[in-house]
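Below is one structure, written out as structure tokens; the observations come after it.
The values are calculated or read from the model by the stated rules, or taken from the named source; none is laboratory data. Being a predicted model, the structure only gives us computed values, none of them experimental. Don't worry about glycine lacking a Cβ; one is built from the backbone with ideal geometry, like all the others, and counts go over all protein chains shown. For the accessible areas, the whole protein counts, side chains as well, though only heavy atoms, and no ligand, DNA or RNA atoms are used. Shrake-Rupley method; radii C 1.70, N 1.55, O 1.52, S 1.80 Å.
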Amino acid sequence: MNRRLVACLVFTLGLSLEAQAQLPTPRVPPQSPTPAWLPRGAFLGTSLRRGAVVPEARLQWQLPFFHHFEDTLSLLIEPTAAVAASRPATLLSGDGSLAALQFYSLMVGVGYTSQQPTGVQWGFQLGTGPMWYRARFTGSTKAQESYVVGHLDGRARIGYRFGPIGLGVAVGYGDPYNYKRASLARPYIGGLQLGVYADWR
């Protein structure tokens, strides 16, 4: 075999090995102190829509399926409960007023988190799932309604990781789908979301 060819191959192989040695090694994702069957996050927030103020609480099961350097992708399972704290005095239809509103949902989605070495973390989450809502009315031809609909929402998050716990703020938007057009409560469900989150994954 030609000596020049052998020397060229050895030189190329040496450069390749040196380049690989200089590449940063992806950080191994931290092992969670919380088992996968327990919640690894929570969100406390409020939805605002057409005069309705609806505080909500969510627990979050997080199942990471991809990690590379600072980036993590997770499957999310998120039960939600919400009860209206303030309601509009008059329905959009003009047919009475909204006396009570509550909803419960089970969202399934994906989340992206970027965990910086400085402790800053940011990301977004997007999910969908069934929602059951109940509403009562006064001065209306309809006394109450109870429907199961689909719900889609997403939010952006930014915060800081203090040891094993990440804390921060989130802003998002939600909207029901597959709903009955005759629903009087539907215009007050979803909307702008504002809140805080805790993440102990």
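Quick look at the numbers
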read-out: Subset of segment 50-61 [open to solvent by less than 50 Å² (accessible area, probe 1.4 Å) and touching an Asp or Glu at 6+ places or on another chain (Cβ under 9 Å)]; value: Arg58, Gln60
read-out: Of all residues making up segment 108-128, the number that are open to solvent by less than 10 Å² (accessible area, probe 1.4 Å) and under 28 Å from Lys142 (Cβ atoms); value: 0
read-out: Condition check for Ala89: on the phi < 0 side of the Ramachandran plot, surrounded by fewer than 15 Cβ atoms within 10 Å (Cβ to Cβ) and either part of a strand (DSSP E or B) or within 11 Å of the chain's Cα centre (by Cα) (or both); value: no
read-out: Members of segment 120-174 found to be closer than 20 Å to Tyr188 by Cβ and not in a strand (DSSP E or B), listed by number; value: Gly139, Ser140, Thr141, Lys142, Ala143
read-out: Candidates Pro64, Pro29 - the one that is closer than 17 Å to Val110 by Cβ, open to solvent by less than 80 Å² (accessible area, probe 1.4 Å) and modelled with pLDDT under 80; value: Pro29
read-out: Members of segment 34-54 that are in a loop (DSSP other than H, G, I, E, B), of a type in the set (Gly, Ala, Ser) and touching a strand residue (DSSP E or B) at 6+ places or on another chain (Cβ under 7 Å); value: Ala36
read-out: Segment 119-131 residues that are farther than 30 Å from Leu101 by Cα and in contact (Cβ under 8 Å) with a residue 12 or more places away in the chain, paired with ones that are surrounded by fewer than 20 Cβ atoms within 10 Å (Cβ to Cβ) and of a type in the set (S, T, N, Q) (beta carbon under 7 Å, 6 or more apart); value: Gln121/Ser114; Trp122/Ser114; Gly123/Ser114
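Every residue, every condition in (1) open to solvent by 20 Å² or more (accessible area, probe 1.4 Å); (2) in contact (Cβ under 8 Å) with a residue 60 or more places away in the chain, yes or no:
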| position | (1), (2) |
| --- | --- |
| Val149 | no, no |
| Arg161 | yes, no |
| Ile165 | yes, no |
| Val169 | yes, no |
| Gly174 | no, yes |
| Arg186 | yes, no |
| Gly191 | no, yes |
| Ala198 | yes, yes |
